[in-house]
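Asker: Quick one: structure below, then a few questions.
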Amino acid sequence: MEHLIVDNLTMEFGGLKAVDSLSFSVKKGEIYGLIGPNGAGKTTVFNCVSRFYNPTSGRIIFEGKEITKLKPHEIIRAGISRTFQNVELFKHMTVLENLLVGQVAFTRENILSAAFMLSSVRKEERRIREEAMEILKILNIEDKAHEYASAQPYGIQKLVEIGRALVSQPRLIMLDEPAAGMNHSETDELAELILKLRDELGITILLVEHDMSLVMNICENICVMNFGKKICEGIPEKVKSDPAVIEAYLGGEEIA
Amino acid sequence: MNAKKYISWIVLILIATLIPPILNLPGSLQYLLDLSLIYAIVAIGLNLLMGYAGQISLGHGAFLAVGAYTSAYLTLTLHVPFFIALILSGLITGIVGILLGLPALKLEGNYLAIATLGFGVAVTQIFAIWTSFTGGFSGIKPLKPELFGFKFNSYLSYYYIILILTIVLVILTWNIIRTKVGRSLMAMRDSEIAAKAMGINVSYYKTLAFGLSAFYTGIAGSLYAHLLGFMTPYDYAFSIGMSLNFLAMIVIGGIGTISGSIIGAIIMTWLPQITSNLPIKSLSQIITGAIIIAVVIFYPNGIAYAGARLKDKFEKLFAKHQEKIVVKIEK
Ligand SMILES: Nc1ncnc2c1ncn2[C@@H]1O[C@H](COP(=O)(O)OP(=O)(O)O)[C@@H](O)[C@H]1O
Ligand SMILES: [Mg+2]
């Protein structure tokens, strides 16, 4: 079943086509890789799905519904959450608080019930704290819960971002270069984590990543972009040996 | 809130309750004490907007005026009881805050500062001309507050009304900032795009922050009106100068802290008074200014943080000391 369909998407920035008539679709429960050289348009695709950018043309369909008209803050309630290439944590909040922000769209408290700390608010606060701590445990960083997010090393910050995207219980999660800045063993743990999210939580994953061995190891299907266009799509073996892909990467990273 | 923090707040409240009658301050100083708590309420409101929501306002003096004149009008002309007028002043000022917040959605940083500054100037000008509402240059005389037949004539008795309201507002604020609304405001302050991706309607929360901040200031304005025996639109508390003072309060006390708002308000209200006893008149303002600069240089995060750091150091020192003792005993 098609979970996310990107249909003929074009995004222009003053004449520059960052994304050019791009189509691909992600099946439910799949780990789907979106790769390509720097500036190929991968992050722009994420920003179109997140609704930060209004595509020049094309449609984005999630779970059978077109989401191209939604507002950015409505996307998480539709079931999609994401991380950012350049970590966008809430710096002056603790790790736990960062995760709690991922829950605000799903809590029913309002300013009055919170101001007077009604018992419903207490209950809800306790519940979301427990849930957030559960996620921190899965990520193996529960000891960092009460430390400031900005005080964490880069690798941990990346995990906190994933945690924050997870607390909303998304059905699709978009990860923008999650392994960037991680060392080998951290990347291995990340690979395990991503597989776990899919296998145990059933989350569909759209992955943008430069670490080719990570992509080739965990993705079932891959779309390769260059200059905004799709140049190849398919299983890792096919993509690896595709002449156009090798050409695009020539002089860049080697394909493992 | 942990037990230690809880106890220190209770001790503070006890001190705030018992000190004035014990000291038996002369009227002018008791007036200043009342005033510093009223300004503390403004500072808490401004801190919600600036420290938590990350928006700037240089127009809070004007919100104070809106609250003050609303309350004066309600009690003098419409004979509304004091307490109801107080709440209504907060609500009406809050609505004005929301109205200012709407155009502010399109503005950021310096431009927002200028827009709120313009709002501040405009309100004082309008109030100066609108004599049927404000009495203009000849002023009006807001009534002393009355609750259940008891008239709060003295600055000392009125102090307790202000104190109770301050405590209530501190508790409500504390609850707001550590739940959904507070988290949304802080998230939007730290990263607007991540906040949006997390489902936070940034426009809504920016407007809410303005409304909430103005609500606090409106309450303070009402309290201020009934503290004064006589009020004109030219009152310093309504001016741009005072708006900048409010800003100084939260910067000195600590951006993004409730305790810092209160500390800052008390310092900025009492400092000029304390230094005014110096022999040379203009020296007072110079020293006040110098102290502000010194605080900003040496404690850039404000006095509340500096206090917390000092406490941390002491505790660490103490912990080390304890460790040493334990080590000795084990040996
Ligand atoms: N907001 C924007 N305004 C103008 N140009 C943009 C904007 N966002 C992306 N671009 C351009 O679009 C192209 C693709 O960028 P991006 O999607 O970030 O690439 P990738 O993530 O694949 O490295 C780049 O040339 C970039 O400069
Ligand atoms: Mg990118």
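Asker: Output the 0 to 90 degree angle, nearest 10, between the alpha-carbon long axis of helix B:303-330 and the longest principal axis computed from the alpha carbons of chain B.
Answerer: It works out to around 20 degrees.
Asker: Excluding ligands and nucleic acids, what accessible area in Å² is computed for B:Trp270 using a 1.4 Å probe, to the nearest 10?
Answerer: 50 Å²
Asker: Continuing with the same structure: Over the stretch A:6-99, consider all pairs of different Cα atoms and compute the Kirkwood hydrodynamic radius from their mean reciprocal separation; express it in Å, one decimal.
Answerer: Final number for the Kirkwood radius of the stretch A:6-99 is 14.6 Å.
Asker: Report the local net charge at B:Gly54: Lys and Arg +1, Asp and Glu -1, summed over other residues whose C-beta lies under 11 Å from its C-beta.
Answerer: Its environment carries a net charge of -1.
Asker: Between B:Met198, B:Ser184, B:Ser243, whose Cα lies farthest towards the positive end of the dipole of the protein assembly as shown when Lys and Arg beta carbons carry +1 and Asp and Glu beta carbons carry -1, centred on the Cα centre?
Answerer: Of the candidates, B:Ser243 comes out farthest on the positive side.
Asker: Moving on to the next point. How large is the translational diffusion coefficient of the stretch B:187-255 in µm² per second when you combine the Kirkwood radius over alpha carbon pairs with Stokes-Einstein at 10 °C and 1.306 mPa s?
Answerer: 109 µm²/s
Asker: With only alpha-carbon atoms in the gyration tensor, what are the semi-axes of the equivalent ellipsoid for the protein assembly as shown, in Å, largest first?
Answerer: That gives 53, 29, 21 Å for the three semi-axes.
Asker: Normalise the Cα radius of gyration of the stretch B:1-81 by 2.2 N^0.38 Å (N = residues in it) and let me know the number.
Answerer: This ratio for the stretch B:1-81 stands at 1.46.
Asker: Averaging over every viewing direction, what projected area does the convex hull of the Cα atoms of chain B cover, in nm²?
Answerer: 21.4 nm²
Asker: Would you list B:Arg189, A:Arg126, A:Arg198 from the most to the least accessible area, probe 1.4 Å? Walk me through the intermediate numbers first.
Answerer: Details: B:Arg189 70, A:Arg126 135, A:Arg198 40 Å².
Solvent-accessible surface, decreasing: A:Arg126, B:Arg189, A:Arg198.
Asker: Only helical DSSP H runs with n ≥ 4 go in: add -39500 (n - 2.57) per run for chain B, normalise by residue count and round the 222 nm mean residue ellipticity to 500 deg cm²/dmol.
Answerer: Value at 222 nm, helices only: -25500 deg cm²/dmol.
Asker: Separate question: Once you charge only the Cβ atoms, +1 for Lys and Arg and -1 for Asp and Glu, what is the size of the charge dipole of the stretch A:90-167 about its Cα centre, to the nearest 20 debye?
Answerer: 100 debye
Asker: With a 1.4 Å probe and all protein chains kept in place, how much accessible area does B:Ile171 have, in Å² rounded to the nearest 10?
Answerer: Here the accessible area works out near 90 Å².
Asker: Could I get the Rg over Rh figure for the stretch A:158-256? Both from C-alpha atoms, Rh via Kirkwood, rounded to two places.
Answerer: Taking Rg over the Kirkwood Rh, I get 0.98.
Asker: Can I ask one more? So what is the accessible area of the stretch B:27-300 per residue, in Å², with the probe set to 1.4 Å?
Answerer: That works out to 39 Å² per residue.
Asker: Choose one of A:Leu197, B:Val11, A:Cys232: the residue whose Cα lies farthest towards the positive end of the charge dipole of the protein assembly as shown (beta-carbon charges +1 Lys, Arg; -1 Asp, Glu; about the Cα centre).
Answerer: B:Val11
Asker: I'd like the orientation of helix B:60-76 relative to chain B: the angle between its Cα long axis and the longest Cα principal axis, in ° from 0 to 90, rounded to 10.
Answerer: 50 degrees
Asker: Just how far, in whole angstrom, is the stretch B:84-118 from the stretch A:143-214 if you go by their alpha carbon centroids?
Answerer: A separation of 40 Å, based on Cα centres.
Asker: Just the projected area, averaged over all directions, of the convex hull on the alpha carbon atoms of the stretch A:1-55: how many nm²?
Answerer: Projected over every direction and averaged, the Cα hull of the stretch A:1-55 covers 4.0 nm².
Asker: Leaving out ligands, DNA and RNA, what percent of the accessible area of the protein assembly as shown is carbon and sulfur, probe 1.4 Å?
Answerer: Carbon with sulfur: 63 percent of the solvent-accessible area.
Asker: Keeping every protein chain present and rolling a 1.4 Å probe, give me the accessible area per residue for the stretch A:90-167 in Å².
Answerer: I get 47 Å² per residue for the stretch A:90-167.
Asker: Let me have the 222 nm mean residue ellipticity of chain A computed from DSSP H runs of 4+ only, each contributing -39500 (n - 2.57), with the sum over all residues rounded to the nearest 500.
Answerer: -10500 deg cm²/dmol
Asker: Helix B:109-129 versus the longest principal axis of chain B: what is the Cα-based angle in degrees, 0 to 90, to the nearest 10?
Answerer: It is inclined by approximately 40 degrees.
Asker: Quick one: the Cα spread of chain A along its three principal axes, in angstroms, biggest first?
Answerer: Its Cα atoms span 63, 41, 35 Å along the three principal axes.
Asker: Using only Cα positions of the stretch A:90-167, each an equal point scatterer, no hydration layer, compute I(q)/I(0) via Debye at q = 0.14, 0.18, 0.23 Å⁻¹ and quote the log10 values to two decimals.
Answerer: -0.45, -0.69, -0.99
The values are calculated or read from the model by the stated rules, or taken from the named source; none is laboratory data. Small disclaimer: the values here were computed from a predicted structure and weren't measured. Note that each Cβ is placed from the backbone with ideal geometry, even for glycine, and that neighbours are counted across all protein chains shown. Areas reflect the complete protein model, heavy atoms only, side chains present, ligands, DNA and RNA absent. Shrake-Rupley method; radii C 1.70, N 1.55, O 1.52, S 1.80 Å.
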